[in-house]
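Right, one structure below, let's go through it.
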Amino acid sequence: MLPAVPALDRSSPAPGSEPGIEGLRADCRRVQLELRGALGVEGRASLLRGVLDRAVFVAVARAMGLLDPSAQTWAELVEVFAGLESMGGAAWTGPSASELAQLRIGDATSRQLASLGEGRPLCPDTLGQLFEGGLVRRARRDAGVFFTPASLADFVVQETLGRSQRDPGSLRVLDPACGGGAFLLAAHRAVRRATGKEGALANFFGVDKNGEALAVARRALWLEHAKAQGRLEPAPAQLFTNLRQGDSVVDDPQVDPWAFDWSTGRRVGASAGASTWPARFDLILGNPPFVRHEQLGPFKAHWRERFSTYEGGADLFVYFIERGLELLAPGGRLGFVVSNKWLRGGYAARLRERLARDCTVELLVDHGHAPVFAGADAFPCVLCVRKGPPAPTHAVQVIQGGRSAERFAVPQRSLAAAPWSLEPPAVRALVAALRERAVPLADYAGIKPHYGVKTGCNAALLVDGPTRDRLCREDPRSAEILVKYLRGQDVGRWSSRWQGRWMIFTRRGVDIDAYPAIKAHLEGFRARLEPRPRGHAGPWTGRKAGGYAWYELQDAVDYHAAFEAPKIVYQVIQFHPRYALDRDGLYTNDKAFFLPSSDPWLLACLNSPAMWWHNWRCLVHMKDEALNPAGDKMIHAPIPQPTKAQREQVARAVEAVVAARRANDEANAALLDGLRREWGVERPGKKLGQLAELDGDSFVREVERRRAKGSPRLSDAARVELRAVFDAEAPELRERRASIAGLERRIAATVHAAWALNPDELARMRATAPPRTPTNW
Ligand SMILES: C[S@@+](CC[C@H](N)C(=O)[O-])C[C@H]1O[C@@H](n2cnc3c(N)ncnc32)[C@H](O)[C@@H]1O
């Protein structure tokens, strides 16, 4: 029978709130307040932590029937702590019992500490969960530390250890980022369940960079071991020999003083010691840190050398996966909880290729946006693989979603370096149908996308209106090489609005002496404009090497004439389905692409819900789930062939929708201009930018909110006047918005008809519509 997916959807209890934890947290908070007064200021945090760590350990041990201290005074409680210290040694960090004995804690607080969590159902996992709660949120996020709920760790263990044909008691288990020990505990539990005997601690290994977290893992495993023994004895030696502090993905002490040598199981440079450390492991489990590449700069050069999956934009967990695969024995299994970004992210192409080729991917769980980790903006995924290439017919078991998860199989041969489209068979069939019933864009139109202009130095070559006017005043010829341009963010759906920006279009071969005002302007940026001479080593303040003069654009832009002609423009970072017709000869910066075509049918297809549905599944996903419509991918975008009638009908509707959109943009812009000039609204914000969606009262409120700081409050008469402005403009804007919605519905219906999508397929598309799908269809 298939194991149940842990209940992780939004309707399940908050993660981390396993029975007992929340109550214990509240108990800790209460006693903490009492302790604060008694501890004084110096070293307070470390003393507080030391006291609570020990009291919580006692609480869990009591709940497990391993201890029953009846301490009434601080002296008696410290005696209990001293006993634990002598049994646990390095499982304890922070102040020693003799240091704690110096504190003056009253009897009432001591009794409160001694009876902490009494009557609550606590277990060894409690230690790790409380430890996580104790870390400052920011510190946790920076270190990528989000501890795993026990239910999820149990699930991963079941899906890996549970699939092994070997005696579970003989498997060597490793967690290379073991934190508070959630996975080691889960594996230990699973071995006991499967064999009826306690798992030999000699088979459990863990590494973590954080010494405190490691101490928590040692204490938790100590308690788990004691449970099997039926009594608390001195902590077994394996908890110290097998759980080690180190950086699992760095082996150079120049890069990290905690660099770890996997051949000895010690910090690089430390003597090997007597204990043995396996060269390979049978089961590698964990929830390695998720840390975005922006925070990883100092390590990148090292990882480039060490990891074949290296990619500048990769998240830290990518290297944990590669390290895990390296450390696995043939046929061994890896089960990690990682962020789901690698499934579609551009930075993980090598990782995907490696997994698809060298491993048998047994299970993928994509929890999408389920809140697995309390307080973390991390979208988790469970990856379970067996080391060794897949059988030709192997199918990956995929689970999508939380409690109401859908399970299906995906042939592994369909997975490679490209984004993994893990979709149920019905959805995969629909993606295939959209392609089969269409032709690739390149064949349909015989064109390919062009890039916007990369200047290499925007500060010099992109100018605002006043600068452009000055340059033209100084020399009227300047106007010849000043062009209007759109930024990526200016590109709208159906049409775009030029935002008053200009580009100095000094393309290759320009005679700069013929434009003295522009030359003088560029001279001011000369050091930043100079191309790096070929072969130049060392720092360079200018632009990259290339065959261009210091005053020319960095890109050759040989296709510049195509900017002047009607075209379809779209964004490089695509949060929304926005393809716009431009007939104004606008140029674009490097945050937009364009297709040298003004074919309304092509524009309609690109803006259609079906195209967004298709592209969401087929294009690379960037940061925050923006799509990347890179040129080499867009040439394959499927364009259905219309009948003559469909083409004509859509051409009329597109013409109308472009005009309506444009009219609304212009009316909105004029109104915002008026608000700026007459009402002191310098930054109108999103709401005022979409006036048709407001009512009169919220319009007036929003204007008041947006007026420059220090502006006097509006009088009643002024509010009435403002309301009249709104009442004069809003009806027409709303009418046009309704007409745009109607036109969009007609266009979508015609495009979907050309795609021959039947009612079942359309229903499937609606049921699986990705975020930000156009609404009018
Ligand atoms: C997400 S937590 C998971 C801890 C544990 N597996 C659990 O779920 O409770 C990640 C752990 O990785 C550790 N860590 C971060 N960077 C590391 C590195 N380079 N090497 C080893 N451990 C690291 C952190 O200290 C933290 O304990």
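The values are calculated or read from the model by the stated rules, or taken from the named source; none is laboratory data. Remember, it's a predicted structure, so these values are computed and weren't measured experimentally. When we count neighbours, we look across all protein chains shown, and the Cβ atoms used for this are built from the backbone with ideal geometry, even at glycine.
Structure data summary
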{"quantity": "The stretch 244-291, residues that are under 19 Å from Ala187 (Cβ atoms) and either more than 12 Å from the ligand (Cβ to nearest atom) or without any contact (Cβ under 8 Å) to a residue 24 or more places away in the chain (or both)", "calculated": "Gly265, Trp277, Pro278, Arg280, Phe281, Asp282, Leu283"}
{"quantity": "Filter result for Thr148 (crowded, with 18+ Cβ neighbours inside 10 Å, near the ligand (Cβ under 10 Å from one of its atoms), modelled with pLDDT under 95 and on the phi < 0 side of the Ramachandran plot)", "calculated": "yes"}
{"quantity": "Qualifying residue in the stretch 282-298 (condition: surrounded by fewer than 23 Cβ atoms within 10 Å (Cβ to Cβ), in the same structural domain as Leu184 (by TED's automatic domain parsing), among the hydrophobic types (A, V, I, L, M, F, W, C) and not in a loop (DSSP other than H, G, I, E, B))", "calculated": "no"}
{"quantity": "Segments classed as strands (runs of 3 or more DSSP E), wholly inside the stretch 375-462, with at least 1 members that are without any contact (Cβ under 8 Å) to a residue 24 or more places away in the chain", "calculated": "395-400, 406-411"}
{"quantity": "Residues of the stretch 167-209 classified as more than 7 Å from the ligand (Cβ to nearest atom) and in contact with a Ser or Thr (Cβ under 7 Å, 6 or more places away or on another chain), total", "calculated": "3"}
{"quantity": "Elements of type helices (runs of 4 or more DSSP H) in the stretch 626-743, at least 2 residues being closer than 24 Å to Trp613 by Cα and modelled with pLDDT of 90 or more", "calculated": "644-679"}
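Let's see how each residue does on (1) more than 27 Å from the chain's Cα centre (by Cα); (2) at pLDDT 85 or above:
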residue	(1), (2)
Glu99	yes, yes
Gln102	yes, yes
Thr109	yes, yes
Leu113	yes, yes
Glu118	yes, yes
Gly128	no, yes
Glu132	no, no
Ala139	no, no
